[in-house]
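Right, one structure below, let's go through it.
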Amino acid sequence: MVIISIAQLIVLPRDSLSIISFAVTMAVLIALTLFAVIEQVPKYFLEGLVTASKRMNHSLLGRCIFASVCTVILATGNIVDTIGCSQHYHVHEVNCTTELNMTDECLYPSYFSHMTVMVLIASVVPIQPLFVAKVILPTIIVLVGILVNVTFLWDLLVREDVVSHRHCSSYTPAIFALSSTMILAHSGLILLARVMEVGSRVLFLWKNEAEEQRERACDIRRKNEALVHNILPPHVAVHFLGNKKRQHEELYSQSYSEIGVLFASMPNFSDFYSEESVNNQGLECLRFLNEVISDFDALLELKKFQDIIKIKTIGSTYMAASGLNPQTVTKDDSIKSRWLHLSLLVEFAFEMRKALQSINEQSFNHFVLKMGVNHGPITAGVIGARKPHYDIWGNTVNVASRMESTGKAGCIQVTEETSEILKHFGYQFEQRGLVAVKGKGQLMTYYLVSKAGDGHQQHVISEPSAPSAELANIAEEAEPSDQSALLSDEL
Ligand SMILES: Nc1ncnc2c1ncn2[C@@H]1O[C@H](COP(=O)(O)OP(=O)(O)OP(=O)(O)O)[C@@H](O)[C@H]1O
């Protein structure tokens, strides 16, 4: 706009038509440019204008119309200036000796053809308009330019020829030279527009493909993260996903001093499981077990059980632990806050029993849970490069497992130390007696009976107990060392 303004000031006659044409063209172009950029500074403009600007900038047709209107305004301004300029020249005889009369206005009529070429460039360069618009509009501009030259500027161009080629040697008349310039510029620019359009289409396709690939990669990453979060506890998953410098074979392990461990099994499930055609070669039994375990898993989704972590299932045995999340370690040293997670683990055990009870009611089964809980130090770690598995090890885990295996169907068996801690939370126990635990000798154990102050007392032992045949099975399943303890207890 600045260049056009300077050129107009130097070349054009300063009459009212030129000034009005210049002012109107400039005002409209400035208004259109402003309209196009309103979207970038929305707070200074009316909402309707901002919306219209957005709509235009984001639609191909809108951008095409915008660029075409700008081109038409520039071309029209140029034609008006050309006609206005031609009015200032009074035809008189010109020959090789004609001197340039500086009082004449419109001394450089070829300027308008050069200006037409500038308008052509302006109409072709923007990437946005459609190729068709880039061809049709410039063609019309060139045809009109040639027509105006022939109709209004013929004499003026002849005079310019004579004045600039004083010796009258052979030369190409300006009218032809300028028309050829316009046609050649037009052809070259159309070729350039075509190349640019093909380039921008290829770029667009590449951009789309890159975007699709990026989305696919994000999707795969999201799925991988969800998988890792499903396989590993949240704090371990964060460690693996966040630690990019981690060596592939680096072992993750963590020692804990105060952890609760729960084993819960369905002792009569092995009787129920059979591979016969009536239950689709055992598939129905597995479907049932899957339903039970999924219901137990669903309990862990509850907010109050968010610090309980499922370790694994071993057959029909469900293994869980509490106090593993380092973020929930409390600074309060009281027993109640240190072992809150252990009481939640017991709450979880009760909820598991309720869940199984409700499945029993729906499926007319009589499954019961045999559970064991223990607390103490453990070591946790992730084992394996493929199918990595988070597990916990230590004496605490072994004893918790023994509490379950030597326990009674429908009961939660705990060690004496665990019962001492849980008493702080209002749980009441019934002494079971000494139980022989491999590697530990005779351990005094307790059955959890109820929780004091609970609206509905949870009488653990009064839950549906296993039939005597089941107890015999359980006794058979237990290790020899456990069997003596179990049978003496039953007697
Ligand atoms: N991380 C664990 N996951 C599952 N079960 C475990 C885990 N750690 C220990 N156990 C179980 O605890 C029980 C007691 O383990 P312990 O090391 O005392 O004896 P063991 O000699 O390994 O057992 P067994 O006599 O049954 O072979 C075992 O039955 C074992 O399966």
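Of ARG214, ARG338, which has the most accessible area with a 1.4 Å probe, and how do the rest follow in descending order?
Descending accessible area places them as ARG214, ARG338.
Could you pull the accessible area for THR51 with a 1.4 Å probe, rounded to 10 Å²?
Here the accessible area works out near 60 Å².
Heavy atoms only, 1.4 Å probe, whole protein assembly: order LEU434, LEU156, LEU299 by accessible area, highest first.
Correct descending sequence by accessible area is LEU434, LEU299, LEU156.
Quick one: order SER257, SER322, SER187 from most to least accessible surface, probe 1.4 Å.
Ranking SER257, SER322, SER187 by accessible area, largest first, yields SER257, SER187, SER322.
Would you compute the Debye intensity of segment 151-231 from its alpha-carbon atoms alone, equal scatterers and no solvent, and pass along log10 I(q)/I(0) at q = 0.11, 0.18, 0.21, 0.23 Å⁻¹ to two decimals?
With no solvent term, the Cα-only Debye profile gives -0.60, -0.86, -0.97, -1.03.
Averaged per residue, what accessible area in Å² does segment 185-336 show with a 1.4 Å probe, protein chains only?
That works out to 65 Å² for each residue.
The values are calculated or read from the model by the stated rules, or taken from the named source; none is laboratory data. Small disclaimer: the values here were computed from a predicted structure and weren't measured. Protein only, heavy atoms only, side chains kept; ligands, DNA and RNA dropped before computing areas. Shrake-Rupley method; radii C 1.70, N 1.55, O 1.52, S 1.80 Å.
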